[in-house]
Amino acid sequence: MAIESGDSKQYKTGKGASVYIIIICTLLYMVNYMDRQVVAAVVEPMKAALNLNDGDVGVLGTVFLLSIALFSFPVAYLVDRWSRRKAIGIMALLWSAFTFLTGKATSYWTLLIPRSLVGVGEAGFSSGGTAMVGAAYSSKARGAAMGVFNMSIPLGVALGSVLGGTIAKASGWQAPFLVFAIPGIILGILAFFMRDYKTVQHTHESGARVTFLQSLKKLFQIPSLVWVLVGYGLANIMAMSFLFWTPAFIGRAWGVDVAAANTVMVPIVLAAIVGSPVGGILADVWFKKNPRGRLYIPAITIILSAICMAGALYFQMKGIGMALIVAYGVLNVMALPCLSAISQDVAPAAQKGLVWGLMVFCMYVFGGGWSPYLVGAISDSLGQGAQALGTALTIASIGGVLGGICYFMASRPYPADMEKVRHEQLMAEK
């Protein structure tokens with residue numbers, strides 16, 4: 001394979017451009033997760049208004065996540081072949097528009113269709129955002145930069161939960177969707193002003209362009225990446241179940257209303273905000289001593305988070321159970337900046353966006369996307385109460401243990417895989 005170098009200077013954003021990129025991408029990621037979390041925040045009043053059961057609500061979550069997975073590949077491929085900043089801006093405008101339309105729903109189908117289209121829009125962001133932030137910082141600082149970027153996930157979950165629950169209590173379950181659409185539109189416009197790197201043409205030695213399937217095949221030939229992909233899917237069985245169903249579990253177990261149930265999520269996700277940069281920094285420190293350290297962090301923390309989640313559910317998140325679920329929040333998010341950095345470390349320059357699209361696809365299709373429905377279906381079969389939902393969530397936590405084992409396996413070939421692409425450089429846009 002050959003990489004087109006072009007005549008531009010090596011891609012260096014500079015302090016101001018790098019800061020602008022990470023601010024816009026981080027805020028958009030936060031809004032992204034606010035829009036994701038808002039359904040979980042309004043599960044109980046939405047169920048009552050539309051006469052739904054847990055399985056129906058679970059289908060809503062699963063269709064949304066699988067729509068992200070389905071479109072993550074083509075959009076990620078577009079990101080690498082066209083423009084990161086343009087893709088990010090357009091996708092933000094799209095998912096915000098469909099979030100607004102979700103708030104206009106009056107039946108299950110008018111809720112399900114626009115909600116699935118929100119997933120189509122969000123499919124484009126994580127690939128472009130990860131590529132932009134990863135390119136703006138050197139490999140030695142990439143873990144910390146990804147820590148800041150991924151810090152927006154728990155922050156978005158916190159704001160989506162608290163604001164979603166509060167607005168829903170005051171103005172009805174539809175109102176949060178209408179409100180949350182606004183910041184996405186504003187940030188989507190600002191994204192068009194980020195400094196991008198020149199699109200890298202991935203070609204054979206003959207000069208012919210490498211096709212989409214050939215690009216995928218090349219990524220699947222990276223041993224450490226394959227283990228990470230499998231582990232990411234398994235670990236997200238636990239993570240997606242937690243995000244989607246925990247407010248409803250708290251409401252049932254504690255007997256509180258929608259606003260109070262979502263307020264309980266605050267200490268959990270605030271702790272997770274700390275976990276993201278800490279995970280990135282620790283990964284960078286360990287990486288300098290031993291490159292495999294960047295994978296040891298997610299392997300260890302994801303297994304410990306699974307243990308904490310199971311324990312917290314046993315105690316119904318009360319007393320020691322609350323302490324355990326807060327620890328879960330810290331430990332689970334510590335893995336994210338490490339995995340983001342790893343995906344950029346081992347991917348060829350022409351596939352920086354596609355590799356994260358592949359990560360997103362595997363995250364949902366190999367586990368996380370199915371978990372909202374499966375947890376809901378298990379809960380229905382056991383009676384829909386707090387104990388039934390708690391049991392279903394405990395089963396989902398097994399995915400975290402299996403994911404951690406896969407990350408340990410990925411650490412073995414990781415240094416060699418990273419060395420293969422160390423010579424490749426990104427170029428600034430003309």
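None of the figures in this text is laboratory data; all of them are computed from the coordinates on show. Because the structure is a prediction, the values reported are computed rather than measured. Methodologically, a virtual Cβ is constructed for each residue, glycine included, from the backbone with ideal geometry; neighbour enumeration extends over all protein chains shown.
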| message | Using the Cα centre of the chain as the reference point, and only Cβ charges (+1 on K/R, -1 on D/E), how large is the resulting charge dipole? Debye, rounded to the nearest 20. | response | 960
| field | Selection from Leu93, Ala131, Leu112, by position along the positive dipole direction of the range 75-177 (Cβ) | value | Ala131
| note | Extension length gain for Ala17 and Asn290 (0.36 nm per residue less Cα distance), in nm, is 95.2 nm
| task | Please state the charge dipole magnitude for the range 242-362, taken about the Cα centre, from unit charges on C-beta atoms (+1 on K and R, -1 on D and E), reported in debye and rounded to the nearest 20. | result | 240
| field | Convex hull volume of the range 243-323 per residue (C-alpha atoms, cubic angstrom) | value | 90
| How large, in Å, is the range 266-415 by the Kirkwood hydrodynamic radius built from its alpha-carbon pairs? | 16.4
| Do the sum for the chain: with -39,500 (n - 2.57) for every DSSP H run of n ≥ 4, divided by all residues, what is the mean residue ellipticity at 222 nm, to the nearest 500 deg cm²/dmol? | -26000 deg cm²/dmol
| query | Given the convex hull over the Cα atoms of the range 131-175, what projected area results after averaging over all orientations, in nm²? | reply | 3.8
| message | I'd like to verify something in the chain: which complete DSSP H helices, judged by Cα projection on the helix axis, reach 24 Å or more and average at least 0.0 on the Kyte-Doolittle scale? | response | 14-41, 54-81, 84-102, 142-171, 175-191, 223-254, 265-289, 293-314, 320-346
| said: Along the Cα→Cβ direction, 7 angstrom out, place labels at Asn51 and Leu382. What is the inter-label distance in nm? | reply: 2.8
| field | Radius of gyration and Dmax over the Cα atoms of the chain, both given in Å | value | 20.5, 67
| field | Ranked list, fewest to most other Cβ atoms within 10 Å of each Cβ, for Met146, Met322 | value | Met322, Met146
| note | Taking every other residue with Cβ under 9 Å from the Cβ of Ala261 and scoring Lys and Arg +1, Asp and Glu -1, one gets -1
| note | Treating only Lys and Arg (+1) and Asp and Glu (-1) as charged, each at its beta carbon, one finds that the range 17-115 has a dipole about its Cα centre, in Debye to the nearest 20, of 400
| Gain on full stretching of the segment that runs from Ala170 to Tyr314 - 0.36 nm per residue minus C-alpha separation | 48.6 nm
| Considering only the other residues whose Cβ falls under 13 Å of the Cβ of Ile300, what net charge follows from Lys and Arg at +1 and Asp and Glu at -1? | +2
